[in-house]
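Trainee: What follows is a structure written as structure tokens; I'll ask about it next.
Readers should treat all values here as calculations from the given coordinates under stated rules, not as data from a laboratory. Predicted model, so just to flag it, every value in this text is computed and none were measured. Here the Cβ is made from the backbone with ideal geometry for all residues, glycine too, and neighbour counts use every protein chain on show.
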Amino acid sequence: MNRLGSCIVVAMLWTTSAHAEVTDASRAAARELGYAGVESYQAGNYQVAYDKLDKAYKVLNVPSLGLWSARALIKLDRWVEAAERLRQVLRLTPQGGEAEVQQQSLHDAKRELEALTPRIPSLVIKVEGMPAGGAQVTLDGDIVATALLGEPLPTNPGRHTVVVQLASRSIRREVLVQEGKQERVVLQLAEAPASTGSAPSPATASAAPRSERQPASARKTVGWALVGTGGAGLVLGATTGILALTKKSALEDSSECQRRDCLRTQTDEVNSYNSLRVVSGIGLIAGTALAATGVVLVVLAPTPERGSQVGSTQVWLQASPTSFLVGGKF
């Protein structure tokens, strides 16, 4: 749009008697913002167009500026705000000069609102387990009135975030709302029990010792299982170690071997000896580690008397092919 065309859009800016209190300087500034806003809109720069047109509209509430700012909002997918702006325009009363231009803007605003309204989607937010005192529900950071929960809320198309906050508890949901459709999101919020400061009930009092005994029992069970597995590893390591020593002695006594060198006819025997030696080493190291860990777990399993100190117990293990260390902080 050229500058002459823009003049038609904002022609009533200086002729509307309803804004006689606006100074000439403010009117001139609003007129220039109106020109620039319409030009930015036609150039496809809708955010800049809205910023300028909205500023001009706040200075002078005339139908043309309200209509064009609403059009920019529609392009930005801010349909709920655009519909409200169009409704504001329809409540304006044309006054002063350029009545024909103002009337056309009102006519266009009504037509565009009717076309936009069925496109606006809605979102129904339902919170199950809402406590008596209520909880704070927000949609994209804006608080949703409790009375509107479960009712359709006009929503801009796109992705939105719903959050329910109750004291330190928070539930967050992402929801995608599409044009012309109604989406529904249900959040379950169990009511937290109120603290009365009274003595615990018999059921609560009896449950506490049991919850303390369960970790001790589980730790002992795992400990004994590790002791058994470690013992099996030690037996395997010892057995294969004896076989390896026997195999080594036989190779050393063989006429086909001298010192550490053997003929190819003894390759299978040499490989068998090496395999037994490796298995023996692994069995002894792993068996020792598992058995020692099991013993530590059994010994350090909390008892009712020291159950409150379980959290301060620390155990560390360090194993290598030549050594095995167990330590702890009790």
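Trainee: Going through the cross-link list Lys75/Lys181; Lys52/Lys126; Lys58/Lys181, which pairs have a Cα-Cα distance over 28 Å in this structure? Spell out each step's value before the answer.
Mentor: Values: Lys75/Lys181 19 Å; Lys52/Lys126 38 Å; Lys58/Lys181 32 Å.
Long pairs (Cα-Cα over 28 Å): Lys52/Lys126; Lys58/Lys181.
Trainee: Evaluate the charge dipole of segment 131-175 about its Cα centre and quote only its size in Debye, nearest 20, assuming +1 on the Cβ of each Lys and Arg and -1 on the Cβ of each Asp and Glu.
Mentor: Numbers: 4 positive and 4 negative charges, 39 e Å.
Dipole about the Cα centre, nearest 20: 180 debye.
Trainee: Right, next: If a/c stays under 1.5 just call it rounded; otherwise compare a/b with b/c (prolate if a/b is bigger, oblate if not). Do that for segment 85-166, with a ≥ b ≥ c from the square roots of the Cα gyration tensor eigenvalues.
Mentor: Numbers: a/c = 3.97, a/b = 2.81, b/c = 1.41.
Cα axes put segment 85-166 in the prolate bin.
Trainee: Ok, one more. Would you mind counting up the charge near Ala56? Only other residues with Cβ under 12 Å from its Cβ, with Lys and Arg at +1 and Asp and Glu at -1. Each step should come with its number before you reach the end.
Mentor: Details: positive: Arg27, Arg31, Lys52, Lys55, Lys58; negative: Glu32, Asp51, Asp54.
Within the 12 Å Cβ shell, the charges total +2.
Trainee: While we're looking at this one, here's another question. Compute the separation of the alpha-carbon centres of segment 51-83 and segment 155-169 and state it in Å as a whole number.
Mentor: Answer, in whole Å: 27.
Trainee: Output the direction-averaged projected area (hull surface divided by four) of the convex hull of the alpha-carbon atoms of segment 122-188, in nm². Write out the running numbers ahead of the final one.
Mentor: Numbers: hull surface 16.5 nm².
Answer in nm², one decimal: 4.1.
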